[in-house]
Amino acid sequence: MIRLLYFSTAAYSVTKETVAEIVEQATAANSVHNITGALAYNGRNFCQLLEGEETAVRRLVANI
């Protein structure tokens, strides 16, 4: 198992609705790969924690 924490800055076009859609889609996709974690968004920046099997988490991060 690996745990990865990262921070990123959202594009100006990202809205709260966009973030809600991302969370919904990511939750469904991540559960298939046994990836869990948390996402925080302050209106400008994201902080995300991902946990799971190392190969699956690294593949996800490469896609993000």
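For the pair I22 and Y6 in one chain, pulling the backbone fully straight at 0.36 nm per residue adds 4.1 nm over the alpha carbon distance. Taking Cα atoms only, the orientation of helix 16-32 departs from the longest principal axis of the chain by about 10 degrees.
The magnitude of the dipole of region 1-61, with charges of +1 and -1 set on the Cβ of Lys/Arg and Asp/Glu and taken from the Cα centre, is near 180 debye.
Evaluated on the chain, the Kirkwood hydrodynamic radius is 12.2 Å, with distances taken between all distinct Cα atoms. Taking 0.36 nm per residue of separation and subtracting the current Cα-Cα distance, fully stretching the chain between V61 and A38 would add 6.9 nm. Listing L60, L50 from fewest to most neighbouring C-beta atoms within 10 Å gives L60, L50. The loop-placed trypsin sites (Lys or Arg not before Pro) in region 24-64, going by DSSP, that have at most 14 neighbouring Cβ atoms within 10 Å of their Cβ come out as R44.
With helices as the sole contributors, the chain gives -13500 deg cm²/dmol at 222 nm; each DSSP H run of n ≥ 4 counts as -39500 (n - 2.57), and the sum is divided by every residue. Phi angles of region 46-62 translate, via the Karplus equation with coefficients 6.51, -1.76, 1.60 and θ = phi - 60°, into HN-Hα couplings of 10, 10, 10, 10, 10, 9, x, 4, 4, 4, 5, 5, 5, 5, 4, 4, 4 Hz per residue; Gly and Pro are given as x. Relative contact order for the chain: 47 percent, from Cα pairs under 8 Å spaced at least 6 residues apart, divided by residue count.
For I35, the shell of other residues with beta-carbons less than 14 Å away shows a net charge of 0, using +1 for Lys and Arg and -1 for Asp and Glu.
Bear in mind that the values in this text are calculations on the coordinates, not laboratory data. In this text, all values refer to a predicted model and were calculated from it rather than measured experimentally. Note that we place each Cβ from the backbone using ideal geometry, even for glycine, and neighbour counts take in every protein chain shown.
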